[in-house]
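One structure is given below, encoded as structure tokens.
The values are calculated or read from the model by the stated rules, or taken from the named source; none is laboratory data. For clarity, every value in this text was computed on a predicted model and none was experimentally measured. Here the Cβ is made from the backbone with ideal geometry for all residues, glycine too, and neighbour counts use every protein chain on show.
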């Protein structure tokens, strides 16, 4: 016990909790053991060591913030609750009258927009369907119609859907080049504005895919099938294939759900585009020949410098990262 | 630092979202660590931290009445984490889990140069090898700058326990450090 008391007092000394009385006791203890004289200095220096300089992983940090942000943006506060009650009552009366008069003539959609920033965003739609949005993706639907008159959403970017069964209205996803009609199922849609192809991979259930630029044409997809259309409007080429699986039997198109960026013998140009989305950076090549280098691999949650260093192991290039700009050189 | 927190507190009170983001950036890593120590799973700890800041925002009209915002954040995190635990894992004990301290920062800080990288590494290893409760208490006192009585209230333990645990942590860490400066004791 008397052995421990010196450590307790040192802890209080280093953390600034010590009282004058305790400090006197500590000094007396130290005076009795000359060897211990250095302990006060050491305790202070331990305290000054930066043992916690690393914050949470940026992806996690951003993911939590997205969750907060979506709630913050969808709430609006009033300073005075009493005034709010009065205002609300008046608005309700006026609103109800306006609704009655205007409703048959006016249709004003109310858009509900969900956006994932650099992280991912999971949301549940009013009909119970679940959507996981990949980074820099955006889902829009009409709050007033959805679940009542239709179940239509518009997607830019990539998302995984688990659609709730709902006999009254089919679930329809609009993208720039594909419309997907669903009756209770789960599947992945990739339709980033910057991608050269747009694809849908079906995991379970059944979906029908139609094409806004080719009216009348429709394809029914079966589980583990994938459909790809070029993003360029001039092209009418539609490719139907099987979903690619990794060694563990998981569809590679779903790996992003576990925070992984997967590339298989892809050119540096394509990879750079994916990394730009993944990390929210701009990548510049000093020589066009560098864009032809091919890479295979999986990016998990490591920072961009680590990823580039790993890529350097298979192909020779140099890089510089400054703020959100990355320069690749020979 | 204290002025900045009051500034953010006032900003949030008047509905300023960038102030909420600043408060989030400053406190969320520490609060995440605390939540994780209570509820074990990363996913739930993320939800807890999100809920803390959502609650701060929802109650912003009354935020000016909060005396000590830092303490408020820690206590709210503790409360929400315990609620989650009761709701989703009633059979689990609320024993403190093996939450590992983050890896040491790279680069040459003055401390690095003073005691050498190897010694630093050993101190990090030693911190991670402390018993979970001891490590959490040490972290809350040293890194997060909470008072002994605040840590005691937060973890529902006595001030004596906090004193003892900080002492034990210091004892173990100083042993290592002393070896590296060549001081026998």
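If you go through region A:304-316 and keep only what is out of contact with any helix residue (DSSP H, G or I) (no Cβ under 6 Å at 6 or more places or on another chain) and surrounded by 13 or more Cβ atoms within 10 Å (Cβ to Cβ), you end up with A:307, A:308, A:310, A:311. Of the set (1) over 15 Å from residue A:15 (Cα atoms); (2) more than 10 Å from chain A (Cβ to nearest Cβ); (3) modelled with pLDDT of 85 or more, all apply to residue B:140 but (1). Of the residues making up region A:5-33, those that are more than 17 Å from residue B:141 (Cβ to Cβ), in a helix (DSSP H, G or I) and within 10 Å of chain B (Cβ to nearest Cβ) are A:5, A:6. Say whether the condition of being farther than 16 Å from residue A:113 by Cβ, surrounded by fewer than 16 Cβ atoms within 10 Å (Cβ to Cβ) and within 21 Å of the chain's Cα centre (by Cα) is met by at least one residue in region A:179-194. Within region A:179-194 (the criterion being farther than 16 Å from residue A:113 by Cβ, surrounded by fewer than 16 Cβ atoms within 10 Å (Cβ to Cβ) and within 21 Å of the chain's Cα centre (by Cα)), the answer is yes, since at least one residue qualifies.
Take residue B:122 and decide whether it is part of a helix (DSSP H, G or I), farther than 27 Å from residue B:69 by Cα and away from every other protein chain (no Cβ under 11 Å). First the steps, then the outcome.
Numbers: part of a helix (DSSP H, G or I): yes; farther than 27 Å from residue B:69 by Cα: yes; away from every other protein chain (no Cβ under 11 Å): yes.
For residue B:122, the condition - part of a helix (DSSP H, G or I), farther than 27 Å from residue B:69 by Cα and away from every other protein chain (no Cβ under 11 Å) - is met.
Here region B:34-78 is the region considered, the condition is being facing another protein chain (nearest Cβ under 8 Å) and in contact (Cβ under 8 Å) with a residue 12 or more places away in the chain, and the residue that is farthest from the chain's Cα centre (by Cα) is B:61.
Among the numbered conditions (1) surrounded by 15 or more Cβ atoms within 10 Å (Cβ to Cβ); (2) free of Cβ contacts under 8 Å to residues at least 24 places away in the same chain, the only one that residue B:7 does not meet is (1). Among residues of region A:110-127 that are in the same structural domain as residue A:192 (by TED's automatic domain parsing), those with a Cβ under 8 angstrom from a residue that is at pLDDT below 75 and assigned to a loop (DSSP other than H, G, I, E, B), sequence gap 6+ or separate chain, pair up as A:120/A:259; A:127/A:166.
Residues in region A:249-297 that are under 17 Å from the mean Cα position of the chain (by Cα) and more than 21 Å from residue A:191 (Cβ to Cβ): A:281 alone.
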